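Rule-based calculations on the coordinates, nothing more; no lab input. In this text, all values refer to a predicted model and were calculated from it rather than measured experimentally. With ideal geometry, Cβ positions are generated from the backbone for all residues, glycine too; neighbour counts draw on all protein chains shown.
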Ligand code: PEP
Ligand code: MG
C-alpha cells in the first residue's frame, strides 16, 4: 500500500526526499528527544500525485485524519474544539530549502466558536482574536486567492478609524471587527464563505501548499538555485505553540555559529512576545540572542544545550527556529544552516580542527563558487569617507549601484544594463525578482535572519539589513539618513555587505584578502588560512591537472601564481589585432607570393616575441599554442563602414581612397553568412598559404631562443576545428617540416607535440582516426556545445535562453555547465576511442567549462588529464578537482 503521511516519530533526516528538509529534520529532532510540538508530514509523493492529477491521491485524507487523531489524543483536545481548540500550522517543506517561496497557514482550527474557547483558556482575548484574524487573512490569500493587499486596506482603514499607529494598538474588539471585515472581503471577492469546519480548513490548506510549489516565486527561485521542478514539496502539520502570549513568551532564530563569518558561538535574533513569522519578516526589530540569557536564563540554557546536541549530531553548523511559550522552550525547525562563502571555509576548517569531521569532509563542504566569491574586491574604507548609514552585515561583498525602491524598477533598470541596489524597509518573497536583478539589497529593518538576509546569502548577493538609521519611503522613492540627507531613486550608492555599511557614491575597491593570498602566498589567518588549507588538500588529492587559458605573459604569470600547471590554451588571435591588423590587411591584399612573404616575415618576428614572453612566464610547464582560429575577415574593417566611406566619396564625385576600395572588394569577397561555420580554424591553415607555417616557425624559434637563454620551454602546437583526420595530417606534416628545419638551422632540438582540439561532433565521433595523428586532444567545449546543439554561441543566450530556462528545457545554460547528456556523451566517446587508438593520448578541456565547478566534476569522471580555464578560475578549478575525488 502506498503511504503518504508520516508521524514525526517515524521519519528521520535520511528521508528528506520524501518528507522534505523541514519534515525530515523535525522527525530527527523528535528522535533525539528534543522538545518538538507533535505533528506529521504529508509526503512529497502526495504532492507530486496532486500536481499531476489535480486531486489529492486516493487514501491521503484518511491517513491525514488518522495522524491528526494521534496528535489530538496526545494533546487531549480536538482540532478546533470549541471550548479548548487544538490548533495546527500547515507549512511547506521541500527537499531543498526555499525560504519564504511557498505558502504557510497558521492557526488552522480557529472559527467563530473556537476563537472564544481559545480566549478563555489562554486568558487572553486579544491574543485569540489576533490569531483568528491572522488565520482568516492567511487562509483568504493563500487558499482562497484573495489579493493580500486588500486585507491590508481593511486593516489600514480600521487603524485610521481608531487612530492606532500600528496593529499592537488594536484591542480585542477591534480585532474581532477586523475578522468580520476580512470574512466579508473574502465573500465579496470569491462568493464563498471562510470555512468554519476545521477539517475543511486543514484539507484545503494542505492542497494550497502543494499548489504553491508551482507559484511564480517558487519557480523563479528554483530556476536560480537549479532545484529540479519535479521534486514537489512535503507539508508538515504541527501543533501550534505560541510565542505571543506575553513577555514570558517569544520567538527566535539561532545559529550554532555565526553564519556570516563562521566564528563559533551561539548566534541569533530573539523577539519577545512574538510569533516566528514576525522574526523572519523583520516587522519589528529583534534583540540579539544574548539578551534572552538575561530575560529567561532557563530557556536560554536549554536552547544552548539543544543546539550543542544538534551540532554534534549533524556534525555541522545548524540553524534553528524556536518558540518559548510561557517559559517552555519548543524547537520548531532545524537544518544545516546556510552560510556565506567565508563562513563555509572557516566552519569546515574549525570542525575539522575539533575533529568533528575529517579534512576530506571539510573539503566536500566548501565550494569553488564560494571561493570565487571570496576573490571579489572589497571597498577601500580609507578612501570612502564616513558611511551614510550602518546596518547588519548580512551577506558579504562590495557592490555599487543606483538606488531603486521596488522590485519592478530593479528588474527594468537591470534589463537596460544598469547596476542597481534594491532598497526596502524589508523584503518579502515578492521582491525576489528585484533581488535577483540587483547588485545588492539594503533594508532598514530586520536582522541577520530576515527574509532579505537569508535570501541574499543564499544567492551570494551583497546585503546590508536593519539599517535603522534610514527612513525608507518607497512611495516617494527615496530614503533619508539620520543626518537628514535625502537619497532619491537613481542616486549611486555603495553597499558593503562585509562591514554592514552604506556609502554615498561609488566607493573605491581593493582586492580581497583571499585574492592577496593567492597572488602572494601571504597568510593572514581566519578565512585566508582556511582557504589555503582547503586548496592544499585539494592539490594533494586531485588527479586532474589544472592549466590556464592565457595569451599574454602577464596572464600567464598570474595564472602560475594561482597554481596553474601550464597553459592549456594560448589563443593567438589577439596577436593579430591592434597595430598588427594592417599586416593582416596587407597579407590579404598581397598581389603575389613575394608580397605575402614580406608580411608573413613581419608577423613571424612579432609572434616569436609573444611566444618567448609566454614560454618564459611558464618556464618548465607545458604551453599549448593554438594556431589561428577565427575567420580572417574578422581582422578586416567593417563592411558597412567601408562601403559608406567609398559611397560618400563617390557621391561627392571624388575618387575613393584606393586602399578603401581594394579592402571593400576583399571584404565583400570574403563575406560569410555563417562565419562560425565558415573559413576558420584548420581550414585557414589549408587554404591560406604560409599562415600556419609562419606561426609554427614562430613557436619553434621561440623555443630555440628560450633554450639558448637557459630556459626549459615546453611548447605544444594545437590545431583548431578539425573535423577529419586528413585535415590534421596535412597541417601536422607541414608543421613537422617547419619544426625540423628550425631544429636543423639552430642546432637545437625542438620537440613540440602536435595535437588537436575536439570541437566538432564529427571530430568526437571519429576520434579513433584523429588520434592516429594527434599527440593530444583538447576539448573546445564552447564550439562543441555550439555545434552539437546548433546554437550560435554569440546570439542564443540573449535571444531565447531565458525562455528555455523558464520552460525547463535545461536547468542551466549549456555554455556555462556542460550538457552531460549530449555534449558529454561526445566527450565520452572521444576519450574512449582516442585512448583505444593511442593509449598515452593526453586529453584536456579548454572551453569555458574547464572553470565551471559542475563541469570539472564531469571531466574528472570522464577520465581527462587536465582542465584549462581563465587565470581567475584556476583556484576554483583546483578546489573542485580535489572535491571531485571525494
Ligand atoms: C572552444 O571552442 O571551446 C574553445 C576553447 O575555443 P574558442 O572559444 O576560442 O572557440
Ligand atoms: Mg573553439
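Viscosity 0.692 mPa s, temperature 37 °C: give me the Stokes-Einstein translational D for the range 92-212 in µm²/s, with Rh taken as the Kirkwood radius over C-alpha pairs.
219
Express the C-alpha Rg of the range 416-484 as a ratio against the empirical globular expectation 2.2 N^0.38 Å, rounded to two decimals.
In units of the 2.2 N^0.38 Å rule of thumb, it is 1.05.
Taking the chain as the reference, fit the longest principal axis to its C-alpha atoms, fit the long axis of helix 148-162 to the helix C-alpha atoms, and give the angle between the two in degrees, 0 to 90, nearest 10.
50
For a label point 7 angstrom out from the Cα of residue 802 toward its Cβ, which stretches of the range 205-225 have the backbone nitrogen within less than 12 Å?
Zone members listed by number: none at all.
Considering the Cα trace of the range 376-510, what is its radius of gyration and what is Dmax, both in angstroms?
In Å, with Rg to one decimal and Dmax whole: 12.8, 37.
Using the Cα atoms of the range 250-339 to build a convex hull, what is its mean projected area in square nanometres?
Averaging across all directions leaves 5.2 nm² for the Cα convex hull.
Once the Cα atoms of helix 658-670 and of the chain are each reduced to a long axis, what angle between those two axes, in degrees from 0 to 90 to the nearest 10, is obtained?
Approximately 70 degrees, to the nearest ten.
Given the alpha-carbon gyration tensor of the range 30-174, what are the semi-axes of its equivalent ellipsoid in whole angstrom, ordered largest first, with each equal to the square root of 5 times an eigenvalue?
After scaling each eigenvalue by five and taking roots: 30, 22, 14 Å.
Counting DSSP beta bridges with both partners in the chain, what percentage is antiparallel, nearest 5?
The antiparallel fraction comes to roughly 65 percent.
Pop the C-beta distance of residue 590 and residue 712 into the FRET formula with R0 = 45 Å and round what comes out to the nearest 0.05.
On the way: r = 38 Å, r/R0 = 0.84.
Between residue 590 and residue 712 the formula returns 0.75.
So what is the 222 nm mean residue ellipticity for the chain from helices alone, if each DSSP H run of at least 4 adds -39500 (n - 2.57) and you divide by all residues, rounding to the nearest 500 deg cm²/dmol?
Computed mean residue ellipticity for the chain: -14000 deg cm²/dmol.
How many percent of Cα pairs in the chain exceed 57 Å?
22
Once you have the Cα-Cα distance between residue 305 and residue 31, take 0.36 nm times their residue separation minus that, and quote the gain in nm to one decimal.
97.0 nm
Can you tell me the relative contact order of the chain? Whole percent, Cα pairs under 8 Å, sequence separation 6 or more.
Averaging sequence separation for qualifying contacts and normalising by length gives 9 percent for the chain.
Using the Kirkwood radius over Cα pairs, work out the Stokes-Einstein diffusion coefficient for the range 568-639 at 37 °C and 0.692 mPa s, in µm²/s as a whole number.
245
I want to check the label-to-label distance for residue 471 and residue 180. Put each point 7 Å from Cα in the C-beta direction and report it in nm to one decimal.
3.7
Which order do 846, 463 fall in if you start with the one that has the fewest other Cβ atoms within 10 Å?
With the sparsest Cβ surroundings first, the list reads 846, 463.
In µm²/s, what is D for the range 788-834 at 4 °C and 1.567 mPa s, where D = kT/(6 pi eta Rh) by Stokes-Einstein and Rh is the Kirkwood radius from Cα pairs?
111
Label 7 Å along Cα→Cβ of residue 418; the range 452-489 residues with amide nitrogen under 14 Å?
Inside the label zone: 477-478, 488-489.
Report Rg (one decimal) and Dmax (nearest whole number) for the range 133-289, counting Cα atoms only, units Å.
Answer for the range 133-289, Rg first and Dmax second: 18.6, 55 Å.
What list of whole percents do you get for P(r) of the range 639-797, with Cα-Cα distances grouped in 10 Å bins up to the one holding the largest distance?
The calculated distribution, bin by bin, is 10, 28, 25, 21, 13, 4, 0.
Over all alpha-carbon pairs in the range 189-276, figure out the percentage whose distance exceeds 19 Å.
The answer is 68 percent, as a whole percent.
At R0 = 51 Å, how high is the FRET efficiency between residue 673 and residue 381 if r is their beta carbon distance? Nearest 0.05 is fine.
Values: r = 54 Å, r/R0 = 1.05.
Calculated value: 0.40.
Starting with the fewest neighbours, write out 859, 255 ranked by other beta-carbon atoms found within 10 Å of each beta-carbon. Spell out each step's value before the answer.
Working: 859 29, 255 25.
Ascending number of Cβ neighbours within 10 Å: 255, 859.
Return the equivalent ellipsoid semi-axes of the range 289-336 as a descending list in whole Å, where each equals the square root of 5 times an eigenvalue of the C-alpha gyration tensor.
Each semi-axis is the square root of five times an eigenvalue, giving 20, 11, 8 Å.
Which of 842, 159 comes first, and how do the rest follow, when ranked by fewest Cβ neighbours within 10 Å?
On the way: 842 20, 159 17.
Fewest-to-most ranking of 842, 159: 159, 842.
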